[in-house]
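Right, one structure below, let's go through it.
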Amino acid sequence: MTNTESASGESAIDEGAGSAGLTLAAVAVVQFMVSLDLSVVNVALPDIGSDLGFSEVGLTWVIHAYALAFGGLLLLGGKIADRYGHKRIMLIGLPLFGLGSLLGGFAQEPGQLVAARAAQGMGAAALAPAALALLASTFPGGKARVKAFGVWSAMNAAGGALGVLFGGLLTEYAGWEWVMFVNVPLVAVAMYLAGRGIATDPPATRRGRPDVLGAVLATAGMSLLVFGVVRTDRHPWSSSETLTTLTIAVVLLAAFIVVERTTSRDPLIRLGLFANRSVAGANVYTLLLGGAMASSFYFVSLYLQRVLGSGPAKTGVQFLPFAFGVVIGSVLAVKLGYKFAPRNLLIGGGLLTVVGFAWFGLISADGSFAVDVLGPSIVTSVGIGLCLAPAVSIATAGVAAHETGSASGLLNSTRQIGASLGLAALGTAAGDRTGDTLTPESLNDGYALGMTIAAVIVVAAVLLALTVLPRTGAAPALATEQDDRDLLYERD
């Protein structure tokens, strides 16, 4: 943690504690806002489509433009934050995110809204890794770290769950434009807290020439990977369009790995990070959980509206138990984190999430909210809340200070890529089961299949935690001698 120097040790401690609290508050607001924007537009999509004249296929790009820019640029955002300062990059990303939100609310045609959503994603790609790196460096260990990451995970998941609530209420009573405008006051609050509570960055360090080629390859490869998968609603997996896009994406990502191994420049991400079981395992676990979690928001929202007939506002309210369950799970993760290793929480929370998704798989076309949604919402959300903070803590503990932005950018990128890939794949499977005849029964069959597959995905995540993640409470420190260049990077 970086504390402002003062004349007396006691005042320095008081000032440092206050700074840590404001840093946590700023990071919490940022994460809530970034997570909120992944789901807040979902319930508003029908109104957006009819108002701006979107086609049925074009409407999906209101979601995908944000996810593509966010997931594709996260690694670059993490490297830039490490290089030029976490606070500095956060204070650049916040206005960009706010401007995108403002312009999106004033959009008059589809292209304007899609561009605004892409600008939001670019801002989020700068914000998310910088915020998480600040959290990891401000709370390096002990009970304070467990509590801080518990707050972070609660805000992260609650933002996604409450986004559906806010989106429904704002769409029905204020207009869809307010699902964009709602971010502007959040940006103002985050900028105030960051300016007041986060210590000034040290002078930007020059660790060699930046790896521009690696940045281009990684961003293009990840963006094309997501782009290819999300278009499977138009082009089947076996089509030449999809296969060509995915092949190019794989070639670009393979080229990125070669460049990172051989470059004489400052690499975008040190590949030695993946030699650490905690970092690698936590990222794969997050990839799987992120895909299942994003699919749950999507399928449950559609089931409530298109099968049970709930309106936007009512659908939003019906997501409240899910939001509260995530908060409860996050609080439990903090309390249990004092006694159990993060690996054990990932296993227990994952198993609870599996039960919830399998329960969702039993939904029926003539069901009801109380019978088919309430129970599995609570079980699933508590399980997800138990998983989020331990995964983040494992993925960033033991990472050198100069790599926290890269590690957090990697984790955030993994979650967004997982969400996009999972939603696209499960959405395709659900669509195939539904078929061309859209009735409550056929739609229900598709959503039920999607939720059942989500349960299987989380089973795979639990098996990964059992076999890959270490049993110890903290991730082991990375051996910097694995990469001699790290010796030049270390800070006093």
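Can you give me the Kirkwood hydrodynamic radius for segment 209-265, using every pair of distinct Cα atoms, in Å to one decimal?
11.9
For segment 54-165, what class follows from the C-alpha gyration tensor (a ≥ b ≥ c being the square roots of its eigenvalues): rounded when a/c is under 1.5, otherwise prolate if a/b is larger than b/c, else oblate? Since a/c reaches 1.5 and a/b is larger than b/c, the shape of segment 54-165 is classed as prolate. Here segment 209-265 is treated with +1 on each Lys and Arg Cβ and -1 on each Asp and Glu Cβ, and its dipole about the Cα centre works out to around 140 debye. Shape call for segment 90-222 from the C-alpha gyration tensor, a ≥ b ≥ c root eigenvalues: rounded (a/c under 1.5), prolate (a/b greater than b/c) or oblate? Verdict is oblate for segment 90-222. Under 5 Å between amide hydrogens, built in the peptide plane, is the criterion, and for ASP266 it picks out ARG209, ASP211 among residues at least 5 positions away or on other chains.
In whole percents, the pair-distance distribution calculated for the chain from its alpha-carbon pairs, binned every 20 Å from zero, is 25, 60, 15, 0. Straight-line reach from LYS143: which lysines fall under 27 Å, measuring Cα to Cα and dropping same-chain residues less than 8 apart? The reachable lysines, counting only those whose Cα sits under 27 Å from LYS143, are LYS87, LYS335, LYS339. Can you give the net charge of the other residues whose Cβ lies under 11 Å from the Cβ of THR23, counting K and R as +1 and D and E as -1? Net charge in that neighbourhood comes out at +2.
Most tightly packed first, judged by the mean number of other beta-carbon atoms within 10 Å of their residues, the peptides 377-384, 130-137 read 130-137, 377-384.
In segment 251-332, the C-alpha radius of gyration followed by the widest Cα-Cα span (Dmax) gives 20.3, 59 angstrom. Using the Cα gyration tensor of segment 260-397, with a ≥ b ≥ c the square roots of its eigenvalues, what is the shape: rounded (a/c below 1.5), prolate (a/b larger than b/c) or oblate (neither)? Judged from the Cα gyration tensor, segment 260-397 comes out prolate (a/c at least 1.5, a/b above b/c). Per residue, the average separation of C-alpha pairs within less than 8 Å and at least 6 apart gives segment 209-265 a relative contact order of 50 percent. What separates the Cα centres of segment 424-447 and segment 136-157 is a distance of 39 Å.
Computed per residue of the chain from DSSP H runs no shorter than four, each worth -39500 (n - 2.57), the mean residue ellipticity at 222 nm is -25000 deg cm²/dmol. In percent, rounded to a whole number, the relative contact order of the chain is 22, using alpha-carbon pairs under 8 Å and six or more apart.
Computed from the coordinates by the stated procedures, all read-outs in this text should not be read as laboratory data. In this text the structure is predicted, and so the values were computed from the model without any measurement. Please note: Cβ atoms are built from the backbone with ideal geometry, for glycine as well, and neighbour counts cover all protein chains shown.
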